[in-house]
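As structure tokens, the structure follows; a few thoughts come after it.
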Amino acid sequence: MPLRPTLTPTASAAGTWKLGGDLPVNRLGYGTMRLPQTGPALDVTSPPRDRDQAVALLRRAVELGVNHFDTAAFYFSSTHSSNDLLRAALSPYADDLVITTKVWPHRTPSGEWWYAEPHQLRDQVQDNLRALGRDRLDVVNLRIPRSTSTGSVAEHFGALAELREEGLIRHLGLSNVTAAHLAEAQAIAPVVCVQNPYGPGAAPEETALLRSCGEQGIAFVPFYAIAGAGRETGATGTEDSRVLAVARAHQVSPAQVRLAWTLQQGPHVLAIPGTGDPGHLTANVAAASLRLCAEDMALLASPTDTVPA
């Protein structure tokens with residue numbers, strides 16, 4: 001669906017949030033997971049994206065007002081990584097540009113996953129520093145493995161807190177966590193953001209965590225806001241009938257509706273949609289200008305019903 005002419009493609013249209021109280025970012029950002037390859041993300045067999053195209057896309061994002069980029073060392077293809085592309089495109093970095101990365105999981109060049117012990121997090125942080133070409137990382141999220149969904153994060157988060165005290169990290173966050181993980185981490189060091197999957201039809205406990213973050217002044221950063229159940233592979237080819245109805249009413253795409261809905265969950269909610277397509281980038285950024293009315297929000301809160309997109 002073409003971009004509605006009345007939507008302005010500027011990331012600043014959704015307003016700003018200060019991560020940790022001192023890092024202002026536009027609430028519409030960019031996630032780099034899909035950037036290194038042209039096929040499914042996190043699949044080393046996916047054909048790598050053309051390097052010049054990827055660099056141009058990142059620079060275009062900045063031109064559109066994006067100043068918050070989400071990355072990880074385990075975002076890579078057979079030829080390049082998201083961190084390498086960010087450095088090539090944006091270094092020397094502007095003072096207002098914020099890069100958030102993640103540690104704990106990692107992948108071998110062949111794509112096999114492994115998970116760092118607490119003492120290995122220093123090496124992961126150093127790897128991010130070298131690849132990005134930075135002296136200090138703005139925000140490092142401890143990405144919780146699914147196998148640790150009910151386990152303790154204290155040792156790993158404590159190791160990151162020590163690196164923060166050393167000055168290698170400015171702020172700490174969490175990713176893929178529960179309210180219990182958040183409380184455990186906060187007893188060790190301040191948490192400036194929580195990055196979890198979230199979208200229309202989210203479970204009550206997920207919404208409760210989002211609200212709790214807002215009450216505590218913690219940014220909530222949903223991922224898979226567009227892909228939903230498709231996760232790393234992207235959109236599934238079916239779409240919620242409620243989202244389709246709102247999209248038709250506003251003459252915009254379902255993806256834009258999902259992003260607008262995400263941003264309207266609270267002033268502390270940030271969006272980090274990712275894409276390798278320049279047209280999709282412009283449309284995603286333009287969603288920062290889309291305002292859904294009370295009737296739209298009520299419809300999107302009604303029972304889920306998916307139909308072919």
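Annotations for the structure displayed:
- Which numbered condition Leu210 misses (of (1) surrounded by 14 or more Cβ atoms within 10 Å (Cβ to Cβ); (2) part of a helix (DSSP H, G or I); (3) modelled with pLDDT of 90 or more; (4) over 15 Å from the mean Cα position of the chain (by Cα)): (4)
- Every residue from the range 100-111 that is within 18 Å of the chain's Cα centre (by Cα) and without any contact (Cβ under 8 Å) to a residue 40 or more places away in the chain: His106
- Filtered by the rule that a residue be under 20 Å from Gly266 (Cβ atoms) and out of contact with any strand residue (DSSP E or B) (no Cβ under 9 Å at 6 or more places or on another chain), the range 184-198 gives a lone residue, Gln186.
- Scanning the range 272-295 for residues that are of a type outside the set (A, V, I, L, M, F, W, C), crowded, with 16+ Cβ neighbours inside 10 Å and in a helix (DSSP H, G or I) yields a total of 4.
- Residues satisfying the stated conditions in the range 63-82, i.e. within 20 Å of Leu28 (Cα to Cα) and either surrounded by 20 or more Cβ atoms within 10 Å (Cβ to Cβ) or in contact (Cβ under 8 Å) with a residue 24 or more places away in the chain (or both): Leu64, Gly65, Val66, Asn67, His68, Phe69, Asp70, Thr71, Ala72, Ser82
- Among residues of the range 244-271, those that are out of contact with any Ser or Thr (no Cβ under 7 Å at 6 or more places or on another chain), in contact (Cβ under 8 Å) with a residue 60 or more places away in the chain, crowded, with 23+ Cβ neighbours inside 10 Å and within 22 Å of Val194 (Cβ to Cβ), counted: 5
- Gly133 at pLDDT below 95, surrounded by 13 or more Cβ atoms within 10 Å (Cβ to Cβ) and over 17 Å from the mean Cα position of the chain (by Cα): no
- Lone unmet requirement of (1) at pLDDT 95 or above; (2) touching a Phe, Trp or Tyr at 6+ places or on another chain (Cβ under 8 Å) for Pro200: (1)
- Among residues of the range 221-243, those that are of a type outside the set (Gly, Ala, Ser), farther than 17 Å from Asn141 by Cβ and modelled with pLDDT of 55 or more, counted: 6
The values are calculated or read from the model by the stated rules, or taken from the named source; none is laboratory data. Source: prediction; values computed, not measured. Here Cβ is always computed from backbone atoms with ideal geometry, including for glycine, and neighbour counts include all displayed protein chains.
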